[in-house]
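This report concerns only the one structure given below.
What follows draws every value from the coordinates through simple rules; no lab data is involved. Predicted model, so just to flag it, every value in this text is computed and none were measured. Glycine also receives a Cβ, built like all others from the backbone with ideal geometry; neighbour counts cover every protein chain displayed.
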Amino acid sequence: SQQGEEDPQALSIQEGENATMNCSYKTSINNLQWYRQNSGRGLVHLILIRSNEREKHSGRLRVTLDTSKKSSSLLITASRAADTASYFCATGLTGGGNKLTFGTGTQLKVEL
Amino acid sequence: NAGVTQTPKFRVLKTGQSMTLLCAQDMNHEYMYWYRQDPGMGLRLIHYSVGEGTTAKGEVPDGYNVSRLKKQNFLLGLESAAPSQTSVYFCASSSTGQGVYEQYFGPGTRLTVT
């Protein structure tokens, strides 16, 4: 079963606008990660936030985590056409294997 | 560093045939994973390994077997392929230690079972 559900499923914006994607999950987590997947390619790690953190930044990316609401958001500022991709949240639990459970993803299209 | 590589990139099988997918990583990672990705389903964990000689079941292990004879390699086998196993398969690896770590993914294998 999917731990994370992303919202919206698809998002289309103009270059230069900000894009916000949300992720909700069901159980307590140890960490939450965001990955990007270009069409036909493998996933690439973007950012990791631990359960005791509330916000994290990396370049044009800003991630928030609200453990009381079991939700996270990914904000991409000043989007570019090259940001067009699918974005997945993944939750990690405490325990062996560093396993992740992935959400269903948000397809982002950034138009010129 | 090549990172995580997968072979083959594409494969078409007939129902009942068998095959092995190979994953190799050159980052000296202890942990390795096999996922499948289906439209609208995200990635689902098939099997994983926490070290050479170890394997464990993930969320959707039925119909698959795995082996980790060498630290750098993780093999995924389909003994008798079924159309339901048509999917894109991704291998990943990650480091281990006191903290939590991201996973590094291979480019994927697109498998079609007819």
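Taking label positions 7 Å along the Cα-Cβ direction at both A:Lys56 and A:Glu17, the computed distance is 2.8 nm, reported to one decimal.
Shown in residue order for region A:5-20 are the 3J(HN,Hα) couplings computed by the Karplus curve 6.51 cos²θ - 1.76 cosθ + 1.60 at θ = phi - 60°: 10, 9, 9, x, 6, 9, 9, 10, 9, 8, 4, x, 7, 8, 10, 10 Hz (x for Gly and Pro).
With the simple model of a label 7 Å out from the Cα in the direction of the Cβ, A:Asp66 to B:Lys57 spans 3.7 nm.
Computed over region A:26-112, the Cα gyration tensor eigenvalues convert (square root of 5λ each) into semi-axes of 23, 15, 10 Å, ordered from largest to smallest.
Under a Gaussian network description of chain B, with springs only between Cα atoms under 10 Å, the residue in B:Ser93, B:Ser49, B:Ser18 that fluctuates furthest is B:Ser18.
Rg ratio for chain B: its Cα radius of gyration over 2.2 N^0.38 Å, N being its residue count, equals 1.01. Over all orientations, the protein assembly as shown has a Cα convex hull whose mean projected area works out to 12.2 square nanometres.
Nothing charged except the Cβ atoms of Lys and Arg (+1) and of Asp and Glu (-1): what's the magnitude of the dipole of region A:4-111 about its Cα centre? Round to the nearest 20 debye.
Details: 13 positive and 10 negative charges, 73 e Å.
Dipole size: approximately 360 debye.
Here are some pairs, A:Lys109/B:Lys57; A:Lys99/B:Lys70; A:Lys26/A:Lys56; A:Lys109/B:Lys14; A:Lys70/B:Lys57; A:Lys109/B:Lys71; which of them have Cα atoms lying more than 31 Å apart in this structure?
Values: A:Lys109/B:Lys57 35 Å; A:Lys99/B:Lys70 20 Å; A:Lys26/A:Lys56 21 Å; A:Lys109/B:Lys14 36 Å; A:Lys70/B:Lys57 26 Å; A:Lys109/B:Lys71 39 Å.
Check vs 31 Å cut-off fails for A:Lys109/B:Lys57; A:Lys109/B:Lys14; A:Lys109/B:Lys71.
Scanning residues 5 or more positions from A:Thr84 or on other chains, those with amide H under 5 Å from its amide H are A:Val110, with H placed 1.01 Å from N in the peptide plane.
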